[in-house]
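Undergrad: What follows is a single structure, and I will ask about it in a moment.
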Amino acid sequence: MKKLNDVLLDHEPGSEIMMGNWALVRAMIEADVRVVTSYPGSPTPEIGAAILGLPSEKRPMYFEWSVNEKVATEVAFGASLNGHLSCAFFKSVGLNVAADSFVQLGHMELVGGLVIVLGDDPGANSSQNEQDNRHFARLSYTPVLEPASPTEVMHMFKQACGLSRDMRMPVILRLTTHVCHHKELVHYGSWSPPERDDTPRFDKKAGPYIPVAATVFPLKQRALKKLEQVRAWADDKAPVQSSPGSGGTLRDDLKKKGSQDWVDKPSQPEAVFETPLNRVVDNGNCERGVITMGLPYLSLIDVLADAEEKPDILKLGMVHPLPRETVVRFLEHHSEVKILEELDDFLEQQIKALAYDRGLKTRIIGKETLEEWMGEYTPDKVAEVLRACWGDLLPVSGEIPQVEEHLTARGPRPPQLCPGCGHRTVFHAVRGWLKENDIAVADIGCHTLGFLPPYEVGDALLCMGHSNGTAAGLGLFNNTRRVIAFIGDSTFFHAGLPGIVNAVFNKHNHTLIVMENGTTAMTGHQDHAAGGTNTRGPTVEIPVQQVLEGLGVTQVTRVSAYQEDKLRAALDESFSTPGFSVIIASHPCMLKKTRERRRQGKKPLVPVQVNESCERHYICLSEFACPSYQIADDGGVWVQEDLCIGDRSCMQTCPVNAITPRPKETNPKETDND
Amino acid sequence: MTDKFDVYMIGVGGQGIGLLSEALARAVWASGQDVRGVDTHGLAQRGGTVVSQLRVGADAHTPLIRAHSAELVIAMERNEALRGVLSHAKPGGTLLWYDAVWQPLGVRIRSEVPLKRESIAQACEQLGVTERRVFVEELMDARMQNTAILATIAHGGLMPNVSRENLRDALSDLLGGATLANNLSLFDGLSGPGD
Ligand SMILES: Cc1ncc(C[n+]2csc(CCOP(=O)(O)OP(=O)(O)O)c2C)c(N)n1
């Protein structure tokens with residue numbers, strides 16, 4: 001098997017097992033995307049990691065981690081105005097942050113093209129909600145292509161680029177978690193670095209680009225017209241009128257594919273009818289059909305494997321705008337059609353309205369229970385949905401033997417703070433300091449985990465950067481309950497600053513703890529503005545403390561996150577006078593540091609041990625709760641050395657000083673100094 | 001008959017289960033069979049339950065394995081072995097598990113009793129699943145537990161049509177230097193002569 005870099009930069013066509021996120025990077029390179037921007041968020045960070053894995057002198061595109069998704073979108077927009085094909089990618093909720101700029105894009109002539117890659121997260125595998133971003137597409141008149149597999153990611157990204165450049169409009173490629181991370185054999189095309197002319201081509205005559213009051217209407221009208229052209233293209237009815245001066249990729253595409261007519265071919269397992277984006281799987285079933293898309297389509301194919309009767313399937317690749325004629329033809333050929341749609345009833349509503357307008361008699365079955373609005377459409381979920389709709393379709397599944405009760409009752413194992421994490425010491429210290437009625441406002445990052453037992457520090461959470469605004473509100477008319485807020489250092493720059501400025505400006509009354517670990521830890525250690533490096537090398541450092549002082553925060557205390565006494569003293573001090581104050585609790589991310597250490601070939605640090613003076617207070621185990629501590633059958637405490645990184649942050653928590661570094665002699669491969 | 005063989009891997013974030021699934025995927029691929037899969041990414045890797053799914057055969061389309069339908073469940077930790085066998089093992093399938101213990105919070109805060117090794121065997125028996133436990137004394141590095149599992153697969157021929165050489169080559173593909181040498185000697189020691 002080849003190395004990922006060799007695959008991504010291969011000049012020859014080839015095939016390789018790739019996850020969706022990597023196939024996307026290969027597609028970016030084949031499509032010659034010039035500018036890529038992002039702010040990290042699951043399920044998309046591996047896109048950035050793959051790009052950054054390419055040696056910088058060989059990277060065919062400019063790539064940056066922007067400070068947030070809105071800025072990422074704006075940078076990509078600006079580059080597109082100069083004629084560069086651009087791409088911004090981020091997670092589902094990233095679009096909320098980008099929204100103010102994003103919703104304008106459709107009004108603009110995006111000369112270079114701009115594809116927004118969204119990592120939606122049905123099932124909320126790693127997000128604070130499972131929002132359905134197709135609504136945003138509708139709101140902003142933006143087409144959406146939705147691939148089901150890494151292979152389709154590859155093709156549809158390139159189609160999205162062609163569409164965007166030809167139509168000079170934004171196009172969304174909507175991925176979901178298990179499309180991003182699905183690994184399969186992907187066939188890729190050839191690539192040779194083209195001759196480039198990077199002249200900045202911005203021409204305001206291609207606009208106008210200033211929407212104000214009445215000038216908005218021609219822009220809106222143009223956006224709506226473009227959307228109808230795209231609909232027609234997706235229906236394979238009429239070729240799209242390309243904008244003057246564009247490369248004509250769409251027309252070429254249509255010529256290549258030929259315009260096939262809709263035919264009811266005799267039963268075949270494979271697709272018999274393919275427009276550039278949508279396909280019908282004809283199982284010769286005049287009664288039952290299913291309209292679906294994306295991952296649910298693959299789940300459907302898996303589930304139908306054992307079914308004697310298989311419904312026909314219309315799989316939409318373009319989910320916005322709805323290819324109406326394609327859908328109508330499918331409806332006309334079936335008596336009952338189930339809309340198998342993950343998350344909201346986005347297509348269902350449109351398809352039902354369409355059927356009404358056309359006077360169709362087909363029975364359209366949409367979502368029948370609230371459960372069908374929720375969760376990822378895995379094969380198990382799809383089987384459940386189909387059974388509720390057509391009870392006779394799927395074979396009855398075999399009996400699963402039961403096990404005795406005592407073998408089943410194990411709780412889930414949620415993620416937890418890593419051994420040596422500075423966040424843990426902060427939460428342990430804060431837990432001891434908080435009074436019953438105090439309110440702790442959490443924010444998003446690894447430190448969100450502080451809300452879980454045993455710390456239970458964190459009472460309310462909306463989204464990245466909300467903590468200062470929310471804490472300010474909790475502080476109004478409130479002289480009795482202390483309010484503290486948390487924020488990570490990447491989030492500080494991402495969306496935290498306005499809340500902090502507001503706290504200073506409006507003289508709010510709470511204390512903020514900045515959990516400074518020098519990185520964007522939760523999403524895989526991307527650089528942020530205080531770190532001094534960016535995707536291309538060293539850059540200006542923007543220290544959190546200086547920013548706070550510059551913003552006029554008068555009380556800023558910096559404490560090592562490993563020093564519980566000092567943290568508690570700083571908290572006492574902060575609440576001794578009214579007003580807004582900040583404590584910076586600082587310690588580098590130990591997961592990152594331990595990995596770097598290992599990579600540099602340095603010896604691991606000596607782990608700690610629990611010695612004979614242990615009186616079984618169990619603070620290390622149950623309150624500090626570093627996962628390295630384990631309980632023995634006889635009630636003693638021992639240290640799991642596969643986990644302990646020798647950070648010693650636990651030693652201060654033992655009331656009888658029973659935690660000590662294990663004598664080094666027992667393992668010459670370790671060291672006790674850093 | 002549908003042509004598929006599902007391997008459901010489960011462990012705790014930090015155990016390096018990604019390496020295991022990558023090595024298996026490469027070995028299956030080298031054996032000439034269709035393969036697809038998916039790993040857990042993101043926050044769960046921080047000490048939570050992590051899952052990797054690998055699907056072999058032309059009739060697997062999603063990377064997601066259905067409940068109670070994996071021919072092979074591989075677990076890297078005792079508590080997760082129970083979780084995995086209960087949710088995904090197919091009756092008649094196999095549980096291959098490495099007996100490492102990373103106590104979950106419930107045990108550490110003493111609201112749950114520690115899980116006994118025998119409980120895994122009991123669960124397997126009641127589910128009609130074959131149990132294979134792996135444990136190696138004095139491993140140099142916890143991440144070599146993955147190699148012990150790969151060697152057991154090779155030794156027992158637990159993956160249809162995947163040879164010892166396929167697995168050994170995959171390991172060589174992924175590791176380098178002294179790490180590779182250490183892992184290969186463990187692999188060779190446990191997997192026995194080629195079949
Ligand atoms: C709008 C938005 N973008 C991205 C994410 C994904 N995400 C979750 S936490 C986080 C940042 C974590 O970094 P930091 O604030 O430094 O906290 P740490 O994890 O390092 O403790 C990101 C990018 C998100 N949840 N919401």
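Undergrad: Return the residues of segment A:449-470 that are away from the ligand (no atom under 13 Å from the Cβ), more than 14 Å from chain B (Cβ to nearest Cβ) and either under 12 Å from A:Phe624 (Cα atoms) or of a type in the set (A, V, I, L, M) (or both); say none if nothing qualifies.
TA: A:Val457, A:Ala460
Undergrad: Give me a count of the residues in segment A:306-362 that are touching a strand residue (DSSP E or B) at 6+ places or on another chain (Cβ under 9 Å) and assigned to a loop (DSSP other than H, G, I, E, B).
TA: Number of matching residues: 16.
Undergrad: Another question about this same structure. Exactly one of these conditions fails for A:Ile439: (1) of a type in the set (Val, Ile, Thr); (2) within 16 Å of the ligand (Cβ to nearest atom); (3) in contact with a strand residue (DSSP E or B) (Cβ under 6 Å, 6 or more places away or on another chain). Give me its number.
TA: Among (1) of a type in the set (Val, Ile, Thr); (2) within 16 Å of the ligand (Cβ to nearest atom); (3) in contact with a strand residue (DSSP E or B) (Cβ under 6 Å, 6 or more places away or on another chain), the lone unmet condition for A:Ile439 is (2).
Undergrad: Related question: Which one is nearest to A:Gly432 (Cα to Cα), of the residues in segment A:525-581 that are of a type in the set (D, E, K, R) and within 16 Å of the ligand (Cβ to nearest atom)? Before the answer, list the steps.
TA: Step one: list which residues in segment A:525-581 are of a type in the set (D, E, K, R), which gives A:527, A:536, A:541, A:549, A:558, A:564-566, A:568, A:572-573.
Narrowing the set further to residues that are within 16 Å of the ligand (Cβ to nearest atom) leaves A:527, A:541.
Details: A:Asp527: 33, A:Glu541: 34 Å.
By that ranking, first place goes to A:Asp527.
Undergrad: Mind checking which residues of segment A:166-187 are away from every other protein chain (no Cβ under 14 Å), at pLDDT 95 or above and closer than 29 Å to A:Val7 by Cβ?
TA: Result: A:Pro170, A:Val171, A:Ile172, A:Leu173, A:Arg174.
Undergrad: One residue is enough: does segment A:390-404 have a residue meeting the conditions in contact with a Cys (Cβ under 8 Å, 6 or more places away or on another chain), part of a loop (DSSP other than H, G, I, E, B) and either modelled with pLDDT under 95 or not assigned by TED's automatic domain parsing to the domain that holds A:Arg134 (or both)?
TA: Within segment A:390-404, none of the residues are in contact with a Cys (Cβ under 8 Å, 6 or more places away or on another chain), part of a loop (DSSP other than H, G, I, E, B) and either modelled with pLDDT under 95 or not assigned by TED's automatic domain parsing to the domain that holds A:Arg134 (or both).
Undergrad: Restricting attention to segment B:48-71, and to residues there that are more than 22 Å from A:Ile301 (Cβ to Cβ) and either of a type in the set (Phe, Trp, Tyr) or in contact with a Gly (Cβ under 6 Å, 6 or more places away or on another chain) (or both), which single residue is farthest from the other protein chains (Cβ to nearest Cβ)?
TA: B:Val50
Undergrad: Anything in segment A:494-508 that is surrounded by fewer than 21 Cβ atoms within 10 Å (Cβ to Cβ), more than 14 Å from the ligand (Cβ to nearest atom) and touching a residue at least 40 places away in the same chain (Cβ under 8 Å)? List them, or say none.
TA: Passing the criteria: A:Val501, A:Val504, A:Lys507.
Undergrad: Among the residues of segment A:152-205, what is the count of those that are assigned to a loop (DSSP other than H, G, I, E, B) and hydroxyl-bearing (Ser, Thr, Tyr)? Step through it out loud before you land on a result.
TA: Of all residues in segment A:152-205, those assigned to a loop (DSSP other than H, G, I, E, B) come to A:168-169, A:181, A:189-203.
Imposing the further condition that a residue be hydroxyl-bearing (Ser, Thr, Tyr) reduces the set to A:190, A:192, A:199.
Summing the residues that are assigned to a loop (DSSP other than H, G, I, E, B) and hydroxyl-bearing (Ser, Thr, Tyr) in segment A:152-205 gives 3.
Undergrad: For A:Leu110, all conditions in the list (1) surrounded by fewer than 19 Cβ atoms within 10 Å (Cβ to Cβ); (2) in contact (Cβ under 8 Å) with a residue 24 or more places away in the chain; (3) not β-branched (Val, Ile, Thr) hold save one; what is the number of the exception?
TA: Failing condition for A:Leu110: (1).
Undergrad: Here is a list of conditions, (1) on the phi > 0 side of the Ramachandran plot; (2) outside the structural domain of A:Val553 (by TED's automatic domain parsing), and A:Gly579 meets all of them except one; can you say which number that is?
TA: Condition (2) is where A:Gly579 drops out.
Undergrad: Now for a separate question. Give me the pairs: first residue in segment A:408-427 and more than 9 Å from chain B (Cβ to nearest Cβ) and on the phi > 0 side of the Ramachandran plot, second residue modelled with pLDDT of 95 or more and part of a helix (DSSP H, G or I), beta-carbon distance under 7 Å, and six or more apart or on different chains, which are they?
TA: Cβ pairs passing all conditions: A:Gly420/A:Met590.
Undergrad: Okay, next question. Taking the residues in segment A:305-356 that are without any contact (Cβ under 8 Å) to a residue 24 or more places away in the chain and not charged (D, E, K, R) as candidates, determine which candidate is farthest from B:Gly37 (Cα to Cα).
TA: Start the filter on segment A:305-356 by keeping residues that are without any contact (Cβ under 8 Å) to a residue 24 or more places away in the chain, which leaves A:305, A:348-349, A:352-353, A:356.
With not charged (D, E, K, R) added as a condition, the list becomes A:305, A:349, A:353, A:356.
On the way: A:Ala305: 18, A:Gln349: 34, A:Ala353: 38, A:Tyr356: 42 Å.
For segment A:305-356, the residue satisfying everything is A:Tyr356.
Undergrad: Only one residue in A:Leu139, A:Leu118, A:Leu145 is crowded, with 24+ Cβ neighbours inside 10 Å and more than 17 Å from the chain's Cα centre (by Cα), so which one is that?
TA: A:Leu145
Undergrad: Ok, one more. So which strands (runs of 3 or more DSSP E) stay within segment A:605-666 end to end and still have 2 or more residues that are within 14 Å of another protein chain (Cβ to nearest Cβ)? Don't jump to the end; show me each part of the working.
TA: Numbers: elements: A:608-610, A:629-631, A:637-639, A:659-661.
It comes to A:629-631, A:637-639.
Undergrad: Could you please give the count of residues in segment B:105-131 that are touching a Gly at 6+ places or on another chain (Cβ under 7 Å) and either of a type in the set (S, T, N, Q) or on the phi < 0 side of the Ramachandran plot (or both)? Explain how you work it out, then say what you get.
TA: Taking segment B:105-131 and keeping what is touching a Gly at 6+ places or on another chain (Cβ under 7 Å), we get B:106, B:112, B:128-129.
The next check asks that each one be either of a type in the set (S, T, N, Q) or on the phi < 0 side of the Ramachandran plot (or both); those that pass are B:106, B:112, B:129.
The qualifying residues number 3.
Undergrad: Still on this structure, please answer the following. List the pairs whose first member sits in segment B:76-103 and is facing chain A (nearest Cβ under 10 Å) and buried (at least 21 other Cβ atoms within 10 Å of the Cβ), whose second member is acidic (Asp, Glu) and not in a strand (DSSP E or B), and whose Cβ atoms are under 7 Å apart, counting only residues at least 6 apart or on separate chains?
TA: B:Ala100/B:Glu77; B:Trp102/B:Glu77
Undergrad: Just checking, how many residues over segment A:509-524 are within 13 Å of the ligand (Cβ to nearest atom) and polar (S, T, N, Q)?
TA: Count: 4.
Undergrad: Before we move on, is A:Gly473 out of contact with any Lys or Arg (no Cβ under 9 Å at 6 or more places or on another chain), over 21 Å from B:Arg46 (Cβ atoms) and within 13 Å of the ligand (Cβ to nearest atom)? Walk me through how you get there before you give the answer.
TA: Numbers: out of contact with any Lys or Arg (no Cβ under 9 Å at 6 or more places or on another chain): yes; over 21 Å from B:Arg46 (Cβ atoms): yes; within 13 Å of the ligand (Cβ to nearest atom): no.
So A:Gly473 fails the test.
Undergrad: On to the next question. More than 14 Å from chain B (Cβ to nearest Cβ), crowded, with 17+ Cβ neighbours inside 10 Å and in contact (Cβ under 8 Å) with a residue 24 or more places away in the chain: does that describe A:Met28? Working first, answer last.
TA: Working: more than 14 Å from chain B (Cβ to nearest Cβ): yes; crowded, with 17+ Cβ neighbours inside 10 Å: yes; in contact (Cβ under 8 Å) with a residue 24 or more places away in the chain: yes.
Against the criterion (more than 14 Å from chain B (Cβ to nearest Cβ), crowded, with 17+ Cβ neighbours inside 10 Å and in contact (Cβ under 8 Å) with a residue 24 or more places away in the chain), A:Met28 qualifies.
Undergrad: Here's something else I'd like to know. Please state which of the following conditions A:Leu394 fails to meet, knowing it meets all the rest: (1) within 26 Å of B:Gly47 (Cα to Cα); (2) within 14 Å of another protein chain (Cβ to nearest Cβ); (3) over 32 Å from the mean Cα position of the chain (by Cα).
TA: For A:Leu394, the exception is condition (1).
Undergrad: Right, something else. Counting only residues that are within 15 Å of the ligand (Cβ to nearest atom) and either touching a Leu at 6+ places or on another chain (Cβ under 8 Å) or among the acidic types (Asp, Glu) (or both), which one in segment A:31-63 is nearest to the other protein chains (Cβ to nearest Cβ)?
TA: Restricting attention to segment A:31-63, the residues satisfying the condition of being within 15 Å of the ligand (Cβ to nearest atom) are A:37-49.
Pick out the ones that are also either touching a Leu at 6+ places or on another chain (Cβ under 8 Å) or among the acidic types (Asp, Glu) (or both) and you get A:42-44, A:46-47.
Numbers: A:Ser42: 4, A:Pro43: 6, A:Thr44: 10, A:Glu46: 7, A:Ile47: 12 Å.
Result: A:Ser42.
Undergrad: Additional query: Look at B:Gly32 and say whether it is in a helix (DSSP H, G or I), within 29 Å of A:Trp22 (Cα to Cα) and more than 9 Å from chain A (Cβ to nearest Cβ). Full working, then the answer.
TA: On the way: in a helix (DSSP H, G or I): no; within 29 Å of A:Trp22 (Cα to Cα): yes; more than 9 Å from chain A (Cβ to nearest Cβ): yes.
No, not satisfied.
Undergrad: Further question on the same structure: Give me the residue from segment A:93-107 that is under 25 Å from A:Pro218 (Cα atoms) and assigned to a loop (DSSP other than H, G, I, E, B) and, out of that set, farthest from the ligand (Cβ to nearest atom).
TA: Initial filter on segment A:93-107 (under 25 Å from A:Pro218 (Cα atoms)): A:98-107.
Retained after the next criterion (residues that are assigned to a loop (DSSP other than H, G, I, E, B)): A:103-104.
Numbers: A:Val103: 16, A:Gln104: 19 Å.
Checking each candidate, the answer is A:Gln104.
The values are calculated or read from the model by the stated rules, or taken from the named source; none is laboratory data. Remember, it's a predicted structure, so these values are computed and weren't measured experimentally. When we count neighbours, we look across all protein chains shown, and the Cβ atoms used for this are built from the backbone with ideal geometry, even at glycine.
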